[in-house]
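Enquirer: Here it is, the structure, as structure tokens.
Quick note: the coordinates plus some simple rules give every number you see, no bench work behind them. These numbers were taken from a predicted model, which means no experiment stands behind them. Heads up, the Cβs are rebuilt from the backbone with ideal geometry, glycines too, and the neighbour counts pull from every protein chain shown.
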Amino acid sequence: MKTIFSIIILLSILCACDKHENPLENSTIESLTKRTRIAETPHFSFDSITNPENWRTYQSLKEMLDACQIPTDILSKIPTDELVRICMDYPLSVNYIAYDDKLKGIKAIMDGFNGFAELQKRSDAAEELISFYEKMDIDAIAEKASANNAKTTLSRHNLNLVHVGFIENILRP
């Protein structure tokens, strides 16, 4: 009996020491790796740029376009899913509705923002853009917009019906 018990204890210790077989150890490593990646991921937001005090100081569309560019030292380091979010938050994207041809308007918007230029280089851009779109609750956005005369925004992405139209036009073949 002591022999069987000793063998079981020995096997348990061996299994615990094997790093490939210990799921707790692997999840801890994955967790630390994920936290490290998050800490190393450059962050960019339009919040300070579009703050009303700053935004009203711009005297022309060119100044606004220049202010909204992502700094080149972090542009290529931003993960694609985050870059998609940044592009969808681009404050001048709604300008596409000023064009008679919406697709020409979208092309002009995309040509004027370095975030879109970077996104077009990414091999996983289409997947991430579709994933972003799939997570949107279009019905809720439409319902809120209808209830509040299309001025209400929803979620942290400041999405409204104009943004949804923008995304739908980007996804067109």
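Enquirer: Fewest to most neighbouring Cβ within 10 Å: what's the order for Glu128, Glu134?
Expert: On the way: Glu128 19, Glu134 7.
Fewest-to-most ranking of Glu128, Glu134: Glu134, Glu128.
Enquirer: While we're looking at this one, here's another question. For each of Ile86, Ile97, count neighbouring Cβ atoms within 10 Å of the residue's Cβ, then give the residues from fewest to most. Kindly include the intermediate steps, with their values, before the conclusion.
Expert: On the way: Ile86 22, Ile97 12.
Lowest count first: Ile97, Ile86.
Enquirer: Multiply the residue gap between Glu53 and Ile130 by 0.36 nm, knock off their C-alpha separation, and tell me the result in nm, one decimal place. It would help to have the intermediate numbers written out before the result.
Expert: Working: separation 77, 0.36 × 77 = 27.72 nm, distance 3.43 nm.
In short, 24.3 nm is gained.
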